[in-house]
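Below you'll find the structure, written out as C-alpha cells, and then a few comments.
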Amino acid sequence: MELTAVLQAYPKEQTYLLEILLKYQASKPTHHLEEDELTAIADHLGLPASHVFSVVSFYSFFSMTPRGRYILQFCRDVPCHISDTFSVRETLETLLGIKTGETTEDGVFTLEYSSCLGACDLAPVLRVNDTLYHHLTVDKIKAILAEIRSGSDA
Amino acid sequence: MLEHKLITKHIGNIDPLSIDDYVGVGGYAMFKKALGMTRLDIHDAFEASKLRGRGGAGFPVAIKLMAMAKETRKPKYVICNADEGEPGNFKDRYLMENNPHQIIEGMLIAAYATGSSHGYLYIRGEYAQSMATMQQAIEAARQAGYLGSNILNSRFDFDLEIRSGAGSYVCGEEFALLESIEGKAGRTRVKPPFPTAKGLFNQPTLINNVETLATFPVIIAMGGEAYAKIGTPTSTGTKLISLSGNVRKKGVYEVPFGVSMRKIIEELGGGVGAGRKIQMIQLGGACGPIIPEYMLDMVIDFERFEEFESKTGAGAIIVIDDRHDMFAILEQVSEFFTHESCGKCTPCREGNVHMRNVLRRFVNKTATEQDLLMLENQARVIHQTSLCGLGQTAPTAIISTLHYFRFDYLNRIEDSMQEVA
Ligand SMILES: Cc1cc2nc3c(=O)[nH]c(=O)nc-3n(C[C@H](O)[C@H](O)[C@H](O)COP(=O)(O)O)c2cc1C
Ligand code: SF4
C-alpha cells in the first residue's frame, strides 16, 4: 500500500501515530520502516521527526531493517517454556538455517522472539504474521514452513 | 460444582459474531435497564456489589465510578484495557473472542454511569483475532443503534474505537497505556493525578480491565447485593482463572472467589501428567510469586494475593511439575522483565539485567554465597524504588523463592562449589 493511502485513511492527529505505523509496516513485504517514510509521517502529522523515531524504537513490533515476508515469532515465557518437550527455537533455527533475529536469504522468513502470545492453553505456539499456530510438534513446524514456502513461491 | 458461570454463561451457546444471538440471550437488555436507572442508583449497585478490578490490582470499581461522576470537565473517556501481556494470562482474549458484545455492553454501562462520550479498546498487537472479532462486533452494535448518537432515543451519545498495542508489555499499565493511545512511547507518568482526574488527553478517564467491564451487565442484571453474596465477603463474585503449564486441561475457568488452588488444578485442570508431581506454581503471571505445592490449599481471594505485594489478581495459575529446574524458570522470568523494562528509571532498567545475570550463575552452577546476598539485596531495592508496577513486581518471583525455596539456593551454591573442586 502507498504511504499516502495509509495516511489518508486516518484523521491527521498524533493519536493515530501507532495505527499508521502498524498499518503501513504490515502492508510492506519487508515489514520494516525507512527513515524517509518516518519523516514523511512526522511531517504529515505535524510532529518532530525525533518523536516518530523514538516511538518506533520503543515498540518491539517496529523494525528499521528489512525483514522477511513471514515473521515467525515464538514465545519464550514460562507457560510455553515448560510445555515444550522439544525446543521450538532450536527446531526453527535448524530448519531455517538462521539464528533468532535473522532473515533467510530468500527473504521469506524472519525468526523472532516474542513475549507471551497469550495462548498458553494452546502451548507451545508460534505466530506467523497474524496467524497463530498451536500445539506445536516438530512435524507440525515442518509442515507449516513447507506450506508457506509452497504458497509464497507460487 | 466448582465452576460458577456468571460472565461466561453464554459462551459456547452463542455465535460470538451474531448480535442477534447475544440479544436473544438477554444481551443489551442490561444496558437498557441502566438507561432507566439514575446514575446514583447505578453507582449504589456497584458499591453494594463490592466489585474489584480484575486487571491485577483489585481496585474497588465504585470508587473510580464516583471519582468520574464528580468530574464536570468534558469530554470524559472510558477505556477497556485489553493489553493482557502478563505471561500466563489469556482470559481477556477468551472473553473478546467468545462474547465480544458483553464487553461492549459493559463499556456502554460504564460510559452512561460516568457521562463519558467516547471509548477506546486498547488491545495488544499480538491479538489479531481478538481485534477482528471486536471490530465486527462494534460495527454490528453501531448498525443496531447501540453505539453512536442519541442511542435508543435516550439522548446519550457514545462511540467506541479499537487501538492496537505494538508489542510492549508495560503499555498495560494504565498511564503507559494512555501515552500509547496518545501516540507516544509507552512510558508511565508520575502519579497523582490519577486517570479519573487527568487521563487521556488530560481529560477524566475511566480505565478498567476486560473482565471487569464484562461483569458490569451481570451486576445490573442481578443487583449489587445478590452479586456480593457470591464469593467471599471481601472478594465478591467470580474470577476467571487462566490455567496453564503442566496440567492436563489448560484453559479458562470461572470460579467463585474462595475456592482453593488445589481444587482448581485437580478438579478443573485434571492434575498433572501421569507419574509427575506438582513442584510449584506461579500465581498471577511473570509478576507473581512462585509458591510451593504445600501451599495449594490457599484460596483465591484478594487478601491472600495482597500478601505477595504484586498484582496477582489477574488470576493466572501456571503449574510447574517436578521435571523443571526452578532457576531456569526464574531466569526466564527475569529475561522477560529485562526485555520489557521501558528504561525510564534506573533500578528497573539496570537491576533486571543484574538479577538475570546472577540467576544464570545459579543455572550454570557457578553461583556463590555472595551471589545469593547480592540477589536478595537487588530484589529488595528494585521492588522498593522502581517507578511503576513493572519494576516493583519484577522481583516478586525471586523474593518468593528466596523465602519458600531457600534450601534450593543453598544447595545450588554447594553444588557449584563441588563443580569447581
Ligand atoms: C506493568 C503493568 C502491566 C499491566 N498490564 C495490564 C493488562 O494487561 N491488563 C489490565 O487490565 N491491567 C494491567 N495492569 C493494571 C492497570 O494498570 C490497571 O490497574 C487496570 O487496567 C485497571 O483496571 P481494573 O481496575 O479493572 O483491574 C498492568 C499494570 C502494570 C504495572
Ligand atoms: S519501573 Fe521499569 S517499566 Fe516502570 S517506569 Fe521504571 S523502567 Fe519503566
Exercise. For region B:110-179, state which trypsin sites (Lys or Arg not before Pro) are in a DSSP loop and have at most 16 other beta carbons lying within 10 Å of their beta carbon.
Key: B:R155
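Just to confirm, what accessible area per residue do you get for region B:278-377 at 1.4 Å probe, in whole Å²?
Value for region B:278-377: 36 Å² per residue.
Roughly how crowded by other chains is peptide B:165-172, in terms of the mean Cβ count from those chains within 10 Å of each of its Cβ atoms?
Values: counts 4, 12, 10, 5, 3, 1, 3, 0.
Mean partner shielding for this stretch: 5.
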Practice problem: Give the long-range amide H neighbours of B:G148: residues separated by 5 or more places, or on another chain, with amide H under 5 Å away, using H modelled in the peptide plane at 1.01 Å from N. | Solution: B:F158, B:D159
Quiz item: Hey, what do the phi angles of region A:78-94 turn into as Karplus ³J(HN,Hα) couplings, whole Hz, using 6.51/-1.76/1.60 and θ = phi - 60°, x for Gly and Pro?
Solution: 3, x, 6, 3, 7, 8, 6, 9, 9, 8, 4, 4, 4, 4, 5, 4, 5
Exercise. Once you have a ≥ b ≥ c as the square roots of the Cα gyration tensor eigenvalues for chain B, tell me rounded if a/c is under 1.5, and otherwise prolate or oblate according to whether a/b is larger than b/c.
Key: prolate
Exercise. Express in whole angstrom the spacing between the alpha-carbon centres of region B:319-346 and region B:110-157.
Key: 36 Å
Exercise. Work out how much length B:T366 to B:T385 would gain on full extension: take 0.36 nm times their residue separation and subtract the Cα-Cα distance, in nm to one decimal.
Key: 4.0 nm
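Taking both sides together, what accessible area is buried at the B/A interface, probe 1.4 Å, expressed in Å² and rounded to the nearest 100?
Its buried surface, counting both partners, is about 3200 Å².
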Quiz item: Once phi is turned into θ = phi - 60°, what whole-Hz ³J(HN,Hα) does the Karplus curve with 6.51, -1.76 and 1.60 give for every residue of region A:67-77, x standing for Gly and Pro?
Solution: 10, x, 5, 10, 9, 9, 10, 10, 8, 10, 8
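Solvent-accessible area per residue for region B:19-228 at a 1.4 Å probe radius, Å²? Before the final figure, lay out the partial values.
Values: 6850 Å² over 210 residues.
I get 33 Å² per residue for region B:19-228.
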Quiz item: Which percent of the accessible area of region B:326-420 is formed by carbon and sulfur heavy atoms (probe 1.4 angstrom)?
Solution: 50 percent
Quiz prompt | Shielding by other protein chains, B:239-248, mean Cβ within 10 Å | solution = 3
Exercise. Could you sort out which of A:K23/B:K344; B:K5/B:K64; B:K9/B:K76; B:K229/B:K263; A:K23/B:K50; B:K33/B:K191 sit more than 29 Å apart by Cα distance in this structure?
Key: B:K9/B:K76; A:K23/B:K50; B:K33/B:K191
Quiz prompt | Among B:I278, B:I123, B:I241: highest mean-square fluctuation, GNM of chain B, C-alpha pairs under 10 Å | solution = B:I278
Practice problem: Using packing as a proxy for protection, rank B:282-288, A:120-126 so that the peptide with the highest average count of other Cβ atoms within 10 Å comes first. | Solution: B:282-288, A:120-126
Exercise. Pull up the cross-link candidates among the aspartates and glutamates for B:K74, meaning alpha carbon to alpha carbon under 16 Å and not fewer than 8 places away within one chain.
Key: B:D157, B:D159
Quiz item: Using the per-residue mean of other Cβ atoms lying within 10 Å as a proxy for protection, in what order, highest first, do the peptides B:178-187, A:54-63, B:223-232 fall?
Solution: B:178-187, A:54-63, B:223-232
Exercise. With springs connecting C-alpha atoms under 10 Å apart, model chain B as a Gaussian network and identify which of B:S149, B:S341, B:S310 has the largest mean-square fluctuation.
Key: B:S149
Quiz item: What FRET efficiency do you get for B:S260 and B:A226 if R0 is 25 Å and r is their Cβ-Cβ distance, rounded to the nearest 0.05?
Solution: 0.55
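Enumerate by residue number the trypsin sites (Lys or Arg not before Pro) in region A:4-73 meeting two conditions: DSSP loop (anything except H, G, I, E, B), and at most 16 other Cβ atoms within 10 Å of the site's Cβ.
Details: sites: A:K12, A:K23, A:R67, A:R69; in loops: A:K12, A:R67, A:R69.
Filter output for region A:4-73: A:K12.
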Quiz prompt | Hypothetical label at A:M1: residues of region B:122-143 whose amide nitrogen lies under 20 Å (7 Å Cα-Cβ projection) | solution = B:122-140
Quiz item: So for the pair A:K99, B:M37, with labels modelled 7 Å out along Cα→Cβ, what separation do we get in nm?
Solution: 5.9 nm
Self-check item: With every protein chain in place, region A:1-110: carbon and sulfur % of accessible area (1.4 Å)
Solution: 50 percent
Quiz item: Does region B:339-386 come out rounded, prolate or oblate by the C-alpha gyration tensor, with a ≥ b ≥ c the root eigenvalues, rounded set by a/c under 1.5 and, if not, prolate when a/b is larger than b/c and oblate if not?
Solution: oblate
Quiz item: When the accessible area of region B:240-321 is computed with all protein chains present and a 1.4 Å probe, what percentage of it is carbon and sulfur?
Solution: 46 percent
Quiz item: How about region B:254-293: which trypsin sites (Lys or Arg not before Pro) there lie in a loop by DSSP and see at most 14 other Cβ atoms within 10 Å?
Solution: B:R276, B:K277
Quiz item: Averaged across the residues of B:85-94, what count of C-beta atoms belonging to other chains lies within 10 Å of each residue's C-beta?
Solution: 5
Quiz item: How far is it, in nm, from the label point at B:R73 to the one at B:Q129 when both lie 7 Å from their Cα along the line to the Cβ?
Solution: 4.1 nm
Quiz item: Shape call for region B:105-204 from the C-alpha gyration tensor, a ≥ b ≥ c root eigenvalues: rounded (a/c under 1.5), prolate (a/b greater than b/c) or oblate?
Solution: oblate
Quiz prompt | Amide H contacts of B:L206 (H built 1.01 Å from N, under 5 Å, at least 5 apart or other chain) | solution = B:Y77, B:V78, B:I79
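The values are calculated or read from the model by the stated rules, or taken from the named source; none is laboratory data. Values in this document were obtained by computation on a predicted structure and should not be read as measured data. Methodologically, a virtual Cβ is constructed for each residue, glycine included, from the backbone with ideal geometry; neighbour enumeration extends over all protein chains shown. SASA here: full protein model, heavy atoms, side chains in, ligands and nucleic acids out. Shrake-Rupley method; radii C 1.70, N 1.55, O 1.52, S 1.80 Å.
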